[in-house]
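The values are calculated or read from the model by the stated rules, or taken from the named source; none is laboratory data. Model, not experiment: these values are computed from the prediction. So basically every Cβ, Gly included, is an ideal-geometry build from the backbone, and we count neighbours across all protein chains shown. For accessibility, only protein heavy atoms count, side chains too; no ligands or nucleic acids. Shrake-Rupley method; radii C 1.70, N 1.55, O 1.52, S 1.80 Å.
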Amino acid sequence: MKKIAILGSTGSIGTQTLEIVRDNPDLDVVGLAAGTNIDLFEKQVREFRPKLVSLQSEEACKDLKERLADMQVEIVCGMDGLIQIAEMEESDVLVTAIVGMIGIRPTIAAINQHKDIALANKETLVTAGHIIMPLAEKMGVSILPVDSEHSAIFQSMQGENRERVSKLLITASGGPFRGKSRAELENVRLEDALHHPNWSMGNKITIDSATLVNKGLEVMEAKWLFDVDLENIQVVVHPQSIIHSMVEYVDGGIMAQLGTPDMKLPIQYALFYPDRRPMRGKRVDFYALGSITFEKPDMETFTGLKLAMRAAGEGGSVPTVFNAANERAVSLFLNRKIRFLQIAEIIEMCMDAHKRIASPDVEEILASEQETYEFIQTKF
């Protein structure tokens, strides 16, 4: 029996993780944490009966305690609650499906308790990869990627000598606005940006896909996960989303992982690695598919990707500013307070205003995040 704890259980990755638990009786959920979706969270707690649960606010925890008065479950709150779940003695694996830099401290806490990490919280490595990866190595902990692209790279490296890797090729669907000009993006609607052609994801990551910021974040994450220099990571637009990423080796051979656009595959692979389990769902029909195509990303139209590469190259605290600025800009766009193209403009404005810290600790990372939020607040 493998015991897991999940941070972000009511989000897209969290709910799909629980679908996998339903199909695999030898998975046991011992801890759950969520943000504000109390109705769904109550149903999850009643179904999976974890020992420890956490919600974001004291008010939400009080509400949940009243709802679950008939159950024996410990309820904790806020960051302290996330850390308690991360450190649970009973768990073997922590699934970090929470969104944002709020995932950094719980991830560090779990690693210090020798828990393997099924990582879906890309902000953790984007902003604190220089802290997380050395700590995981020191503690003998596995960081198992859940993002489809990083899982594909991870799978394509199995049985290979990592020192013989020449290049990582991270695929991108291109999002809903692939092929559009900047002029055509001036007045796009929120509804259009949320209509992804291939993947079913949460609102924030769907917008990140539309701006190509998501690919930039994935490049930064891949750098830390696989210890590869930035110049050896390439983004390739692949509209069909069948190849999830590739690894080129020094002899020119390329290994690729293919499959339907379904996040449950990389989630399940991380939970049972190195085993593969049967999984329900569609399979790729190559006769129906007919062909697959590739394009170079348009970084002049989708400047979010260009800014991400700049942030990755500058390093230090700059990726934190990039990420924080994007989070706040996407929130403003989702609330219809800015236009689509202003997302990248806000990111660039924040990066230009920031004074870089070469090797920030956790406190400096979180301070840079807060400073970025406050800077944006003075402008919008």
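When restricted to residues that are open to solvent by 20 Å² or more (accessible area, probe 1.4 Å) and within 23 Å of ILE233 (Cβ to Cβ), segment 170-195 contains 1.
Within segment 109-130, the set of residues being in contact with a helix residue (DSSP H, G or I) (Cβ under 7 Å, 6 or more places away or on another chain) and open to solvent by 30 Å² or more (accessible area, probe 1.4 Å) comprises ASN112, HIS114. Out of the residues in segment 30-85 meeting the condition of being open to solvent by 60 Å² or more (accessible area, probe 1.4 Å) and within 17 Å of VAL99 (Cβ to Cβ), tell me which one is modelled with the lowest pLDDT. If we take residues in segment 30-85 being open to solvent by 60 Å² or more (accessible area, probe 1.4 Å) and within 17 Å of VAL99 (Cβ to Cβ), then THR36 is modelled with the lowest pLDDT.
A count restricted to segment 182-230 and to residues that are in a loop (DSSP other than H, G, I, E, B) and among the β-branched types (Val, Ile, Thr) stands at 2. Of all residues in segment 332-353, those that are surrounded by fewer than 21 Cβ atoms within 10 Å (Cβ to Cβ) and in contact with a Ser or Thr (Cβ under 8 Å, 6 or more places away or on another chain) total 2. Condition check for ASP92 on (1) under 27 Å from LEU366 (Cα atoms); (2) acidic (Asp, Glu); (3) surrounded by 16 or more Cβ atoms within 10 Å (Cβ to Cβ): one failure, at (1). Residue pairs whose Cβ atoms lie under 7 Å apart, sitting 6 or more positions apart in sequence or on different chains, and linking a residue in segment 276-292 that is open to solvent by less than 70 Å² (accessible area, probe 1.4 Å) to a partner that is not in a loop (DSSP other than H, G, I, E, B), are MET279/LYS264; MET279/LEU265; MET279/GLN268; GLY281/LYS264; VAL284/LEU258; ILE292/ILE243. Among the residues of segment 12-29, count how many are of a type in the set (Gly, Ala, Ser) and open to solvent by 10 Å² or more (accessible area, probe 1.4 Å). Total meeting the criteria: 1. Would you check if SER9 is small (Gly, Ala, Ser), open to solvent by less than 10 Å² (accessible area, probe 1.4 Å) and either in contact with a Pro (Cβ under 6 Å, 6 or more places away or on another chain) or not in a strand (DSSP E or B) (or both)? It is true that SER9 is small (Gly, Ala, Ser), open to solvent by less than 10 Å² (accessible area, probe 1.4 Å) and either in contact with a Pro (Cβ under 6 Å, 6 or more places away or on another chain) or not in a strand (DSSP E or B) (or both). Is it true that some residue in segment 92-110 is modelled with pLDDT of 95 or more, more than 22 Å from the chain's Cα centre (by Cα), charged (D, E, K, R) and farther than 27 Å from GLU327 by Cβ? No - not one qualifying residue is present in segment 92-110. Residues of segment 251-275 that are open to solvent by 80 Å² or more (accessible area, probe 1.4 Å) and out of contact with any Asp or Glu (no Cβ under 9 Å at 6 or more places or on another chain): ASP251, PRO274. Does LYS167 satisfy being surrounded by fewer than 21 Cβ atoms within 10 Å (Cβ to Cβ) and either part of a helix (DSSP H, G or I) or in contact (Cβ under 8 Å) with a residue 40 or more places away in the chain (or both)? Answer is yes for this residue. A count restricted to segment 297-312 and to residues that are hydrophobic (A, V, I, L, M, F, W, C), within 12 Å of LYS215 (Cβ to Cβ) and buried (at least 21 other Cβ atoms within 10 Å of the Cβ) stands at 5. Here is the figure for segment 215-225: residues that are out of contact with any Gly (no Cβ under 8 Å at 6 or more places or on another chain) and buried (at least 24 other Cβ atoms within 10 Å of the Cβ) total 4.
It is to be established whether one or more residues within segment 16-27 are closer than 30 Å to SER368 by Cα and either at pLDDT below 95 or within 23 Å of the chain's Cα centre (by Cα) (or both). No.
With respect to GLU149, is the statement that it is assigned to a helix (DSSP H, G or I), closer than 28 Å to ASP251 by Cα and either free of Cβ contacts under 8 Å to residues at least 12 places away in the same chain or open to solvent by 50 Å² or more (accessible area, probe 1.4 Å) (or both) true? Judged against the criteria, GLU149 is not a match.
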